[in-house]
Amino acid sequence: MKFLLLYFFDARAWTRMSEEDKESALQRIQTWQHDPARAQTILHTGELRGADEAISVFLGPAGHTETPQVVPGPFLQTSEALGGYLVVEAANQDEAIALAKSWPTGGVFEIRPILER
């Protein structure tokens, strides 16, 4: 099964970190992603630009019964920011959870099975 792992982090805490600590965190993530034990599990990764560059498009209920609204910024108004994503191949949800638990820095993962038709 394929899963999408959405990575969220505390944007306020990140801005307070020293450049050294930021570089260390990014290096740990790079090492984690390229570890041979995960190389065949991780199909694709992506890092996202900052939430200050996000755009949200609100379409209203199904069927577009309202005029779409385009709003600057991310959909969620929180200190947690979507930082990146991974597409992984795992036997089941437990394997996807184990992969997220092994992430080398703090944050939160939302894990979603990818619908394959």
Going by the alpha-carbon gyration tensor, a ≥ b ≥ c the square roots of its eigenvalues, is the chain rounded (a/c under 1.5) or, if a/c is not under 1.5, prolate (a/b greater than b/c) versus oblate? oblate
Interchain or long-range residues, amide H under 5 Å from residue 83's placed H: 7, 8, 9
Restricting to Cα pairs under 8 Å and 6 or more apart, the percent relative contact order of segment 1-102 works out to 46 percent
Can you classify segment 4-46 as rounded, prolate or oblate using the Cα gyration tensor, where a ≥ b ≥ c are the square roots of its eigenvalues, rounded means a/c under 1.5, and otherwise it's prolate if a/b beats b/c and oblate if not? oblate
Per residue of segment 33-40, what does 6.51 cos²θ - 1.76 cosθ + 1.60 with θ = phi - 60° give for ³J(HN,Hα)? Whole Hz please, x for Gly and Pro, Karplus curve as stated. 5, 9, 4, x, 5, 10, 3, 8
Counted charge near residue 10, where neighbours are those whose Cβ lies closer than 10 Å (Asp, Glu -1; Lys, Arg +1): +1
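Can you give the calculated 222 nm mean residue ellipticity of the chain, where each DSSP H run of n ≥ 4 adds -39,500 (n - 2.57) and the sum is split over every residue, rounded to the nearest 500 deg cm²/dmol?
Here the helix-only value at 222 nm equals -8000 deg cm²/dmol.
Read-outs throughout are calculated quantities, based only on the coordinates presented, and are distinct from any laboratory measurement. Keep in mind it's a predicted model, so treat the numbers as computed, not measured. All Cβ positions, even for glycine, are placed from backbone atoms using ideal geometry, and neighbour counts span all protein chains on display.
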